[in-house]
Each structure stands twice: as C-alpha cells, then as structure tokens.
Amino acid sequence: MRAPTPDSFTSRLRSPAVAARVGLWLGICFGTCFLTGLVSHYAQLPSHPIPFPTSPSWGYRVTQGLHVVTGVASIPLLLVKLWSVLPNLFQALPSLRDPRGLVLTILERGSIAVLVASSVFQLATGVANTAQWYPWTAFSFRTTHYALAWVAIGALLVHVAVKLPVIRDVLTSDIDATTHDRPTATVAGALSRRALVRTTFAAAGVAVLATAGSTVPWLRRVSVLAVRTGEGPGGVPINKSAKAARVEEAATSPDWRLEVVVAGEVARSLSYDDLRALPQHTVDLPIACVEGWSAQGTWSGVRLVDLLTDATDADVRVTSLQQSGPYRSTSLPANFARDPRTLLALDLAGEPLSLDHGYPCRLIAPDRPGVLQTKWVTRLEVSA
Amino acid sequence: MRTRAALGALGGVLALYGAWLVLSRQDPGQWLEIALWLGAGVLAHDAVISGIVIGLGLLGTRVLPDPWRAPAAVALVVWGGLSIASIPVLTGLGVRPDNPTLLDRPYVATWWTISAIVVLTVVVAGLVRSRREHADDPRTEG
C-alpha cells in the first residue's frame, strides 16, 4: 500500500474556500480566548501596575465565561478546519535542488505543526480543567496553558501571514469557486460547501448550548452536558470543599479568631460573635470561577473597610485556615479592599455560610476571580 | 507584502515568548511531559480521528444510498464535535466524593440519549428524502 498524496483526496469539500470560512471563525474564537485569558491571568496577579477595575461586578464573570464558551465552540470548528486541509499533510517536500524552497516549506510546515499541536493542547487541557480532571502529572495547568496560549496565537499569526493572499481571495470569491482547489478535488461531497460550513457553525452552537449553562443561568436546563447544574448550598456551587482543604476542624473550632494585623502588630482579634455584632451589610455579587462556571449570590457580612481601622492605601493579604495550596493566602489590591461592596461574608442567601462555602467567614469582592475569593479567612494583614 | 511580513514577525515573537515561558518557568521533567502531550494531541487528531473519519466517509459512500448521505454527514459533524467536547464529563474522572456540586448530571445516559436522537433523526431524514426523490423521479408514475 502506497502512502497517500494530496491527490488521493478527491472531495471538493476539502478546499481553501471551506478552510478559510471555518478558519475565520476559529481565529475569532482563538483571539477571544487569548484576550480573555490574558484578562484572567492579569486579574490573578498579586498586584496590578494598572489597577484591575472593581466595576462592573460581573466583568470577570463575562470575560471568563466567554473564555470557556469560545474554547468549546473552537472544538468543532478546529475539527472541520483540520479535516478540510488534511490532504496538505501528505504534500511531498521540494527536492534538494531547490534549497530555498525546501527551507521555506520546512519552516511553514513546522509552524503548522506547532499551531496544530498547541491548539489541540489548549482545547484538550482547557476542557479537562473545566471538569477538574487533571490526567497529567508533572506540568502545571495554569503555567502551561498560559505559556502555550502565546505559542498558539503566535503560530496562528504566522499561519495567517503565510496564507493571507489565498485567504483574501477565497473569502472575497464565491464559495464554489475553484481557483485555489487542488486539481483532483472535484468529486461532489455528501453536502455542498455552503451546507458544510453552516453545519460546522451549527455544531459549534450545539456544543456551546450543551455546556454554557454552567455560567449562563437561563441555559441551565438546556445545557445537559454542562460540568455543573448550578445547584449548591445557597444556590452557589463549590469548587473546593472544606474536607479537601483540610480545614473542617479549624473552621468549626470555638477558638477560631479573625486577626487584623497592621504593620506587623495584631490590631484586632475578633471571634465569630464579635463579627456578628459589627454592622452587617448585604450585597449581590457573583462567584466567577476560572473554570468558567459562575453564580450570583446574596452575601451578608462585615465590610472589609470597617475592619481595617486606619485603612491606608495599601494592599491587604488575606489568609485562609488552609495549611497548604497556592491560594492559601492571597493579595487583595487596595482598590478592592476599599470598595464598599467588598465583604467578609458570614451569610449566603440569608443563611450562615456552609462549611464548604467558607464558614466562619469568606472574602467576597466584586469583579474578582473566584479562586481569589478566599474562604475560611483567619487573618487580614495590611502591609503599610 | 509588508503587512504579511509584520504579521509573521509578530507571530514569531509571540510564539517564541510562549516557548521561553515554558522553558523558564518549568523544569525539564515538565518540558518532557508537555512535549508528550503536544505530540499525543497531534497523533490523536492526525492518526486516530482523521483515520476514523476517512473510514466513515468511505463506508458512507459505499453503503449509504444518496439521499441518506447529507443527513449522515450533518449528524457526524454535530454529534462528533459534541462528543469530543464532552470527553472530560463523560469519563467522569473529575468526580470528587466530597463535592456533590461538580459533575452533577447523568452525562453518560444523556450522551446515549443524544446519540439515539441523532440516529433517529438521520433515519427519518433519510426516509423522507428517499421518498421525495422517488416521487420526483420522472420514471415513476403517479
């Protein structure tokens, strides 16, 4: 059996006309994923050279929801895009007598290999992360997904630069034009080109509808394959349980205290009842997780500014009862700490916080990644 | 040409920055695993998924009567895309006994239901299209 060549593929659907139309939307989805991903990583920095805004409170909910939604939509788009250009995989290299052509071809195909590998990697690890499934053992999801996003978007730009004349030409011509087709791509497929492109967009739409309910409440009943129903104590799901964080004992101990530390000195030490005795405020704020799910909650508790007596223009370090983990202690930038909506919440939906939601108290601030809304808070530290 | 050169150069710089991030922030053991995953992703597509789709295409052209091909192709694209996007929830490997709010739907049963609906839709569409083609055929009377 001989290895296939591009000429072995005879369907006229495998064409630049289809590839460019699907690729355009794939590029738009990748671009959205990239930009919203940058927003998310910036939001998670311990301090922000340019302050991250606290309003609108649902800003991060939208950007991170878009990140996951466009990522899911990219899966059918990428599969059909790759299907439409598969014959090129079997293209022979130019001969050694054309060294310049050979080098250029190797570079171009190398950039495609990088693009395909990083794209598949990003989509596969991204959807695995939404389900909190980590089948890899050594690399860090967060660091690697971030680094390879730059690789994927860079390789995508190189690919667009190389193909730009063809892309421009096929996008401005009729979809059935044959100018750029391979000579053997003449056999009618099961669908017309237009129908294949529409089917691909429909497939992307179906994948989004089936999963987006984790972040779009009115889609919950439609999103039968979403990672969450949206149910949970107080109508808010849980990312990390008290058991997983190993705080059950410390969080329910009568010895629990909230310490407010200013300039290295313990300024206040408050019991649960002390916190309850302070003026209580209620806010409606979302929890918006990096995994793309989100839920609105009605939180009540003490305003953070009220606890930070002599509050200065400084960041606040918020420390949890957790003994380990990268989010045991987080930095709350000054603009978040001073926002009147930022609470140390004691209640959710009119009930005391459940242990899994961060009892005795948790941080809740507007427009902030869920992973930084520290639970089981025991210490607030103003560095000033 | 200048636009293309600028775009290509920008892309090269961004990709190299990403590669530098991998090399500078992780250790060689992690590089190796990342490389394995990158390679496995390409193989999963270029060898496994493409192979299956080519096989299904050949089977379709040999087995399916003409009116059935379009519904089958549409079904394959929509169902295939959805199924691949759902692999993480279908494996159920992210389920944690201490967190009942995560992966709290009957995914596998739902997937079978969706698959059955897709097959039924193809059968109905195929039958309807066969009948219509038969009726439109000038050789048949009536």
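Read-outs throughout are calculated quantities, based only on the coordinates presented, and are distinct from any laboratory measurement. This is a predicted model, so every value here is computed, not measured. Don't worry about glycine lacking a Cβ; one is built from the backbone with ideal geometry, like all the others, and counts go over all protein chains shown.
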Just for segment B:43-87: of the residues that are more than 10 Å from chain A (Cβ to nearest Cβ) and over 25 Å from A:Gly126 (Cα atoms), which one is surrounded by the fewest Cβ atoms within 10 Å (Cβ to Cβ)? B:Arg62
Would you mention how many residues in segment B:14-25 are within 7 Å of chain A (Cβ to nearest Cβ) and over 31 Å from the mean Cα position of the chain (by Cα)? 1
Got a number for residues in segment A:202-227 being facing another protein chain (nearest Cβ under 10 Å), hydrophobic (A, V, I, L, M, F, W, C) and either more than 17 Å from the chain's Cα centre (by Cα) or in a helix (DSSP H, G or I) (or both)? 10
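This table checks each residue for (1) surrounded by fewer than 19 Cβ atoms within 10 Å (Cβ to Cβ); (2) out of contact with any Ser or Thr (no Cβ under 9 Å at 6 or more places or on another chain); (3) of a type in the set (Phe, Trp, Tyr); (4) closer than 30 Å to B:Pro100 by Cβ.
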position: A:Leu107; (1), (2), (3), (4): yes, yes, no, no
position: A:Leu115; (1), (2), (3), (4): no, yes, no, no
position: A:Ala124; (1), (2), (3), (4): no, yes, no, yes
position: A:Leu148; (1), (2), (3), (4): no, no, no, no
position: A:Ile167; (1), (2), (3), (4): no, yes, no, no
A:Leu157: more than 8 Å from every other protein chain (Cβ to nearest Cβ), aliphatic (A, V, I, L, M) and buried (at least 22 other Cβ atoms within 10 Å of the Cβ), yes or no? no
Just for segment A:327-384: of the residues that are without any contact (Cβ under 8 Å) to a residue 40 or more places away in the chain and of a type in the set (Lys, Arg), which one is surrounded by the most Cβ atoms within 10 Å (Cβ to Cβ)? A:Arg362
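Conditions tested, residue by residue: (1) of a type in the set (S, T, N, Q); (2) within 17 Å of B:Asp46 (Cβ to Cβ).
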residue: A:Ala73; (1), (2): no, no
residue: A:Lys81; (1), (2): no, yes
residue: A:Ser95; (1), (2): yes, no
residue: A:Leu107; (1), (2): no, no
residue: A:Val114; (1), (2): no, yes
Strands (runs of 3 or more DSSP E) completely within segment A:253-349 that count 1 or more residues being closer than 30 Å to A:Val39 by Cβ: A:281-288, A:294-303, A:316-320, A:329-332, A:343-348
Among the candidates A:His48, A:His41, A:His67, single out the residue that is within 30 Å of A:Leu196 (Cα to Cα) and touching a residue at least 40 places away in the same chain (Cβ under 8 Å). A:His67
